[in-house]
Amino acid sequence: MTQQELFLQLDRLGLNTQEALERFMGNAPLFLSFVRQLPEKLDFTRIRQSLETEDGDAFYLGVHNLKGLAGNLSIAPIHDCAQAILVEFSTSKFKNQTKLVSLIREAEDESQALSTLIRQYLEEEGTSV
């Protein structure tokens, strides 16, 4: 898969590569270095654990960091899910667990599709995550 094909696939999955590249001042190698880290960074373990234990500070921090990562890399679907999670959490804390779980699952699904694509690209490139 070429870099251009990767960018087209990332766009298809909701990562606005043009916008993200502008944030990186057009530096595609730097942008790709961040993209390569996404499978590792898009880990929901701590968010899920803090939801289960109702650790408000850890939950908020985990979701806020996810939102920031998604925003900086112009990943609208994940950013929007994280924003919705934060709104729900600020409104009801842990009272509506079903809604929070559903929103987290949606963000995880979006993340999984991106991670799969990036891992495929890295395999073809001959590098690892």
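So N65 fits all but one of (1) modelled with pLDDT of 95 or more; (2) touching a helix residue (DSSP H, G or I) at 6+ places or on another chain (Cβ under 8 Å); what number is the exception?
Going through (1) modelled with pLDDT of 95 or more; (2) touching a helix residue (DSSP H, G or I) at 6+ places or on another chain (Cβ under 8 Å) one by one, N65 breaks only (2).
Only one residue in G14, G68 is in contact (Cβ under 8 Å) with a residue 40 or more places away in the chain and surrounded by fewer than 18 Cβ atoms within 10 Å (Cβ to Cβ), so which one is that?
None of the others qualify; the one that does is G14.
What are the pairs with Cβ atoms under 7 angstrom where one residue, in the stretch 88-101, is acidic (D, E) and the other, located anywhere, is at pLDDT 95 or above? Sequence gap at least six, or different chains.
Listed by first residue and then by second, the contacts come to E88/K99; E88/L100; E88/L103.
So which residues in the stretch 48-78 are in contact with a Gly (Cβ under 7 Å, 6 or more places away or on another chain) and under 27 Å from E123 (Cβ atoms), if there are any at all?
Answer for the stretch 48-78, where residues must be in contact with a Gly (Cβ under 7 Å, 6 or more places away or on another chain) and under 27 Å from E123 (Cβ atoms): I75, A76, P77.
Got a sec? Which of L21, L8 is at pLDDT 95 or above, out of contact with any Phe, Trp or Tyr (no Cβ under 9 Å at 6 or more places or on another chain), more than 30 Å from F89 (Cβ to Cβ) and assigned to a helix (DSSP H, G or I)?
L8
Suppose we keep only residues that are of a type in the set (A, V, I, L, M, F, W, C) and not in a helix (DSSP H, G or I) within the stretch 24-38. Which one would you say is farthest from G126 (Cα to Cα)?
Here the residue is M25.
The values are calculated or read from the model by the stated rules, or taken from the named source; none is laboratory data. What you are looking at is a predicted structure, and each value in this text was computed from that prediction instead of being measured. Note that we place each Cβ from the backbone using ideal geometry, even for glycine, and neighbour counts take in every protein chain shown.
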